Each structure stands twice: as C-alpha cells, then as structure tokens.
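S.K.: Quick one: the structure is below, and I'll ask about it shortly.
Bear in mind that the values in this text are calculations on the coordinates, not laboratory data. Just so it is clear, the model here is predicted, and its values are computed rather than measured. Using ideal geometry, Cβ is built from the backbone for each residue, glycine included, and neighbour counts are taken over all protein chains shown.
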C-alpha cells in the first residue's frame, strides 16, 4: 500500500535570501530521497508588504534599514558564505531593485494551478539573487512564466489585471495571524512548524522519521 502524501506548506518570499538557501537545502535532501512523502505547496509572505509597487533602489533601502554601508557589506558577505556552503550561486549586490513581490506571488499561485510551481519558484529566486533581474517588473515576470512552461502572453494579461491580488494579500495576512512572522517557514502535515534555512541533514531526519511512522 502506497502511503498518502504528506503536505509540506512553505511560506516564503523570493527576495528573502534565506528562502533561497532554505529551498536549496530542502532540494538536496529531496533529491537524495526521491521516495520522500512530501506534496509541496508554496504560500505567499511578503517581507515588505508596504513596498511601493514600482520598488525602490535596493542598496539605499538596505543601508537605511540596517545602518549604513559597512553593515550591509558585512551582511552580504555573510550571505555569500552561507550560500556557498549550500551550493547556491548568490550575489546579494547584483539586484539593483527591492521590488514589491505581490505580483511574483500571484505568478507562483498561477504556477501551482499549472503544476509548474517548483520550477517557477526556483526561477524567481535565481532570477533575483543570481541574475539580478527585477522580479517586480511585469514583463520580467511574464518572461519567467514563459521560460517555465506557462503561456507568456496569457500570464502578462493576468499580471496587468488585478486577478487574485486580493486573495494573495488575504493569504499573506492569514499566515501572519496564524503566527508566521518570518520566512522561510515550513508547515509539515498542517501540524509541525520548522523555521529557517534548515540544513539538508535536518530534512533527511524528518523524512526518515515520517517513513518510520508509515511503516
């Protein structure tokens, strides 16, 4: 008898560096255990929900938030170090814009409907952190959709409308009301919460524990 899949709900934001590292670590564990039990769904959480729709200059925003250039340089160097350890190609200085990610989350939602959500989430994070693309720009988001099996023109039309914007904002708000206050946050089987960019070993232990319970 094949055990029923176990829901793994992931709350993240593509502009969160720890989400990128956390996804890479999870992906490594899942690749090492192709018989893992998880059915994964990605959910919206905006780090900066009040960000202007057009975004802002990223470096100036971070220096204002964290207290100057030296502090941001130190944070970025730490991110590079952690990313290298996770096998992630990340350049925190490459993105020039800090976008509003509501539209990116709409794209992730539609990608789920079309069963290409993992590819689109990966592409969004890679586009921002590795390629420095502006994932607040509608044309860029449509390009990413088209590059990952979605209809580019149809996606652009949706992005140019207000389709599902209220729903995404409501889901973000609901997550906060239920206690999600940082990302990445992983909800296993709608019961157990794992927070932060956990190493692959942690996920391998979780998979082994779940497999033991299914036996």
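S.K.: Is it the case, given these coordinates, that residue 40 is in a strand (DSSP E or B) and within 25 Å of residue 177 (Cβ to Cβ)? Reasoning before the result, please.
M.R.: Numbers: in a strand (DSSP E or B): yes; within 25 Å of residue 177 (Cβ to Cβ): yes.
So residue 40 passes the test.
S.K.: Right, next: Residue by residue through region 120-153, note down the ones that are surrounded by fewer than 22 Cβ atoms within 10 Å (Cβ to Cβ), touching a helix residue (DSSP H, G or I) at 6+ places or on another chain (Cβ under 8 Å) and over 18 Å from residue 12 (Cβ atoms).
M.R.: 134, 138, 139, 140, 143, 146, 147, 149, 150, 151, 152, 153
S.K.: Go through (1) under 16 Å from residue 8 (Cα atoms); (2) assigned to a helix (DSSP H, G or I); (3) within 15 Å of the chain's Cα centre (by Cα) and name the single condition residue 172 misses.
M.R.: Single failed check for residue 172: (1).
Residue-by-condition table, conditions (1) without any contact (Cβ under 8 Å) to a residue 24 or more places away in the chain; (2) touching a strand residue (DSSP E or B) at 6+ places or on another chain (Cβ under 7 Å):
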residue	(1), (2)
107	no, no
129	no, no
173	yes, no
187	no, yes
213	yes, no
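S.K.: So residue 133 passes all but one of these: (1) within 18 Å of residue 55 (Cβ to Cβ); (2) more than 13 Å from the chain's Cα centre (by Cα); (3) in a helix (DSSP H, G or I). Which condition number does it fail?
M.R.: (3)
S.K.: Could you list, in sequence order, all residues of region 180-196 that are outside any strand (DSSP E or B) and crowded, with 20+ Cβ neighbours inside 10 Å? Working first, answer last.
M.R.: The first filter runs over region 180-196 and keeps only residues outside any strand (DSSP E or B), leaving 180-184, 189-191, 196.
Those that are outside any strand (DSSP E or B) and crowded, with 20+ Cβ neighbours inside 10 Å: 183, 184.
S.K.: Could you figure out which of (1) part of a helix (DSSP H, G or I); (2) surrounded by fewer than 17 Cβ atoms within 10 Å (Cβ to Cβ) isn't true of residue 20?
M.R.: Just one mismatch for residue 20, condition (2).
S.K.: On to the next question. Would you be able to tell me the number of residues in region 197-215 that are surrounded by 15 or more Cβ atoms within 10 Å (Cβ to Cβ) and farther than 14 Å from residue 24 by Cβ?
M.R.: Summing the residues that are surrounded by 15 or more Cβ atoms within 10 Å (Cβ to Cβ) and farther than 14 Å from residue 24 by Cβ in region 197-215 gives 4.
S.K.: Name the single residue that is nearest to the chain's Cα centre (by Cα) among those in region 45-79 being in a helix (DSSP H, G or I) and crowded, with 17+ Cβ neighbours inside 10 Å.
M.R.: That would be 79.
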